[in-house]
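Bear in mind that the values in this text are calculations on the coordinates, not laboratory data. From a predicted model like this one, the values you see are computed outputs, not experimental measurements. Don't worry about glycine lacking a Cβ; one is built from the backbone with ideal geometry, like all the others, and counts go over all protein chains shown.
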Amino acid sequence: MCGIVGYLGRQEAGPILLNNLRGLEYRGYDSAGVAVLDSGRIDVVRRLGKLAILEEALEKECPVGTVGIGHTRWATHGAPSERNAHPHLDCKEQIAVVHNGIIENYHPLKEELIRRGHTFNSDTDTEVLAHLIEMYYTDDLEEAVRTALTRIEGSYALAVVCPEHPDLIVAARKDSPLIVGLGKDEYFLASDIPAVLAHTKDVLVVEDNEMVLVTPTGVVLKGLDGTVIEREPIKVTWDAGAAEKSGYDDFMLKEIFEQPTAIRETMRGRVDNGKIILDELRMTEADIKRIDKVFIVACGTSYHAGMVAKYAIESWVRVPVEIDIASEFRYRNPILDDKTLMIAVSQSGETADTLAGMRYAREQGAKTMAITNVVGSTISREADGVLYTHAGPEIGVAATKTLIAQMIALYLISLYLSTIRRSLSVEDEAEIVDELFRMDEIVQGLLDDTRQIALMREYADKHAGKSDFLFIGRSVGYPVALEGALKLKEISYIHAEGYAAGELKHGPIALVEESVPIVAVATEGHVYDKVISNIMEVKARDANVLAIASADDSQIAKHADEVIYVPRTSEILSAVPAVVPLQLISYYIAKKRGCNVDQPRNLAKSVTVE
Ligand code: AGP
């Protein structure tokens with residue numbers, strides 16, 4: 001997720017572009033840049049690092065001109081660097097582009113353009129846009145952009161300027177947000193509302209498959225077929241701070257509700273005609289066929305994602321999987337060799353214990369693969385293969401959307417391994433892929449279910465004062481229970497423990513009493529009846545039980561005191577919808593207790609020390 005801005009008006013564009021990028025920095029902050037039209041040329045300034053570094057550069061020498069575009073980057077293709085920072089230019093440096101999204105077919109397009117003599121200066125997918133527009137450009141910038149977009153597969157919110165059209169910005173949107181702030185004879189393009197609030201509260205929303213032409217006389221919306229679209233602007237009532245959170249009270253809540261997008265973006269471009277395409281893993285079929293053991297190594301929430309992947313890989317690939325807490329892994333003398341695949345899961349890509357575990361595995365001759373949300377992170381640079389989650393920046397310290405994206409990425413890897421090792425039938429594989437493709441809608445349906453959300457809030461209000469919780473589950477419900485306990489602990493500071501439900505009778509059941517709420521992950525699966533038995537065990541000891549159950553479960557209400565229903569999925573994929581209520585209940589309890597959910601005490605977003 002990146003942020004794009006544009007300005008056209010009477011003021012100097014440079015300072016306005018920089019200021020407006022500040023309102024989008026929460027969308028990405030590994031590099032930034034601006035391009036300003038200045039008497040027949042494009043003046044581009046780009047810098048690696050946070051926006052403050054670009055600011056320093058612009059303070060020394062700011063481009064002159066009143067029309068320009070800008071970008072703050074969250075790398076998806078091409079490590080963070082000045083050369084990969086936007087804006088990107090065509091060969092003649094007469095077309096500048098900023099882009100938020102993923103061009104899924106950039107490889108073949110780049111090869112075609114190179115064959116046609118274009119020279120590339122970056123590793124990004126976005127630069128393809130600048131050269132495509134150049135290829136189609138004669139003297140009509142709008143038409144060149146429109147034609148270039150017919151070649152693009154993927155998502156985009158983009159803005160384009162060209163010195164031959166000094167009073168024009170052409171922009172377009174598909175699957176990535178884009179708005180236009182309407183000032184007095186000046187206009188502000190942006191990925192999101194925070195960027196324009198300092199100038200105007202009148203905002204025109206650009207919808208998917210639309211283009212927008214900004215000129216000194218106003219803003220014209222068009223369909224990709226060129227038809228003009230009339231749309232009333234909206235009046236924004238948020239302040240800038242709230243707007244960065246898109247109106248949510250906290251980044252954590254916003255990120256929970258961004259999970260359908262995180263799923264969609266992590267899936268994007270990785271399934272073609274029902275087949276999983278993970279060339280980015282840089283693993284040959286021979287490499288994959290040689291694997292006779294998998295280790296998954298991670299910390300905290302990422303460890304829970306790894307636990308879910310153990311069920312997926314062992315069920316679908318039939319290869320043994322060991323799952324290790326990273327801080328324990330390298331000290332227990334694990335048995336690895338060149339037929340071992342070690343998967344390191346880390347949203348930050350900087351967790352010291354996970355990094356050390358991956359280095360240890362490499363020393364032992366294992367193939368290493370990283371699942372991370374940060375392009376260019378240390379773990380991504382050191383692993384043999386990387387599969388990025390595309391959840392966008394996660395500002396809340398408590399991992400939510402990155403967990404869901406990690407699970408999706410690990411499911412994709414499991415399916416990729418099963419395809420190459422032919423361990424699943426074509427029908428079974430197709431069924432799983434189809435369900436994965438619907439997972440964003442499944443989670444969206446849950447987040448849109450106002451009844452279930454109200455039940456979560458009521459539950460949180462009722463139990464926010466409790467001092468101990470137990471979370472239990474079986475199968476993939478077990479890592480979900482552990483994650484529920486971790487979420488509650490880390491943002492509400494309430495003591496909570498997650499257990500395999502079958503383990504209660506071996507000690508933890510001594511803790512059970514009325515004052516200890518129990519959350520049972522009881523979604524449908526082959527061990528559902530055993531979870532029901534465990535619920536009955538604790539109910540016999542006066543426990544209050546909340547069950548997380550499948551939407552059409554007609555039995556659970558007879559056993560649990562309260563039930564929150566989640567959309568039914570196949571058992572191994574049920575971890576995705578099942579974890580969402582636990583995230584929200586923890587959030588509501590923490591808010592009720594007046595905790596700072598985005599920055600909980602004692603925690604950091606990335607633990608870079610052992
Ligand atoms: C999760 O909410 C916590 N913030 C923490 O457990 C986190 O998952 C853990 O530190 C691992 O971080 P990583 O994914 O960046 O490696």
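Placing unit charges on C-beta atoms (Lys and Arg positive, Asp and Glu negative, everything else neutral), compute the dipole magnitude of the range 313-431 about its Cα centre in debye, rounded to 20.
Taking the Cα centre of the range 313-431 as origin, the dipole is about 220 debye.
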- So, with +1 on the Cβ of K and R and -1 on the Cβ of D and E, and no other charges, what is the size of the charge dipole of the chain about its Cα centre, to the nearest 20 debye? 1180
- Item | Length released on extending from Val205 to Val64, taking residue separation times 0.36 nm less the Cα-Cα span | 47.9 nm
- Query: When the Cα centres of the range 69-138 and the range 337-416 are compared, how far apart do they sit, in Å?
  - Reply: 27
- Item | Full-stretch length increase - Arg115, Arg290 - with 0.36 nm per residue and alpha-carbon distance subtracted | 59.3 nm
- Task: Specify the inter-centroid distance of the range 147-181 and the range 1-48, based on alpha-carbon positions, in whole Å.
- Result: 15
- Burial order of peptide ranges 81-88, 43-50, 594-601, 420-427 (average beta-carbon count within 10 Å, highest first): 81-88, 43-50, 594-601, 420-427
- Query: For the range 239-360, what does the alpha-carbon gyration tensor say about shape, rounded, prolate or oblate, given a ≥ b ≥ c as the root eigenvalues, a/c under 1.5 as rounded, and a/b over b/c as prolate?
  - Reply: oblate
- Label model pair Glu503, Ile234: point-to-point distance (7 angstrom along the Cα→beta-carbon line) in nm is 4.5
- Lys310, Lys401 arranged by Cβ crowding within 10 Å, fewest neighbours leading: Lys310, Lys401
- Query: Going by the alpha-carbon gyration tensor, a ≥ b ≥ c the square roots of its eigenvalues, is the range 301-417 rounded (a/c under 1.5) or, if a/c is not under 1.5, prolate (a/b greater than b/c) versus oblate?
  - Reply: oblate
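Let me know the volume per residue of the alpha-carbon convex hull for the range 194-277, in Å³. Walk me through the numbers on the way to the answer.
Values: hull volume 12.5 nm³, N = 84.
Residue-normalised Cα hull volume stands at 149 Å³.
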- Message: Using 20 Å bins from zero, what percent of all Cα-Cα pairs in the chain falls into each bin?
- Response: 20, 49, 27, 3, 0
- Task: Kindly provide the helix-only [θ] at 222 nm of the chain, computed as the sum of -39,500 (n - 2.57) over DSSP H runs of four or more divided by all residues, to the nearest 500 deg cm²/dmol?
- Result: -10500 deg cm²/dmol
- Item | Listed residues Tyr7, Ile103, Leu18: farthest to the positive end of the dipole of the range 1-122 (Cβ charges) | Ile103
- Task: List, in the order given, every pair from Lys293/Lys367; Lys489/Lys591; Lys275/Lys339; Lys245/Lys401 whose Cα-Cα distance in the structure shown is over 18 Å.
- Result: Lys275/Lys339
- Query: Angle, helix 401-420 long axis vs. longest principal axis of the chain, Cα atoms, 0 to 90°, nearest 10?
  - Reply: 80
- Task: Quick one: go through the range 389-425 and flag any residue whose amide nitrogen is under 18 Å from the point 7 Å out along the Cα-to-Cβ line of Asn273.
- Result: 416, 419-420
- Helix axis angle, 575-592 relative to the chain longest principal axis, alpha carbon, degrees: 90
- Message: At a 10 angstrom cut-off on C-beta neighbours, averaged per residue, how do the peptides 487-494, 183-190 rank from highest to lowest?
- Response: 487-494, 183-190
- Message: Need one word for the range 49-186: rounded, prolate or oblate. Basis is the Cα gyration tensor (sqrt eigenvalues a ≥ b ≥ c); a/c below 1.5 gives rounded, then a/b vs b/c decides.
- Response: rounded
- Pair Ala454, Tyr248: separation of 7 Å Cα→Cβ label points (nm): 2.2
- Here the gain from full extension of Asn602 to Arg362, 0.36 nm per residue of separation minus their alpha-carbon distance, amounts to 83.2 nm
- Query: Karplus couplings for the range 487-495 from phi (6.51 cos²θ - 1.76 cosθ + 1.60, θ = phi - 60°), rounded to Hz, Gly and Pro as x?
  - Reply: 4, 5, 4, 6, 10, 10, 6, 7, 5
- So, counting K/R as plus one and D/E as minus one, what does the shell of residues with Cβ under 13 Å around His118 add up to? -2
- Message: In the range 345-399, if the dipole is taken from +1 on Lys/Arg beta carbons and -1 on Asp/Glu beta carbons about the Cα centre, which of Ala391, Thr368, Ser346 is farthest to the positive end?
- Response: Thr368
- Message: Let's see if you can work this out: charge +1 on each Lys and Arg Cβ, -1 on each Asp and Glu Cβ, no other charges. What is the dipole magnitude of the range 463-610 about its Cα centre, in debye to the nearest 20?
- Response: 360
- Query: Toward the positive end of the charge dipole of the range 530-610, about the Cα centre and with charges on Cβ (Lys, Arg +1; Asp, Glu -1), which of Pro600, Met536, Pro567 goes farthest?
  - Reply: Pro600
- Query: How big is the Cα convex hull of the range 5-82 in projection, averaged over all directions, in nm²?
  - Reply: 4.9
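For an R0 of 30 angstrom, estimate the FRET efficiency from the Cβ-Cβ distance between Ser533 and Arg438 and round to the nearest 0.05.
0.45
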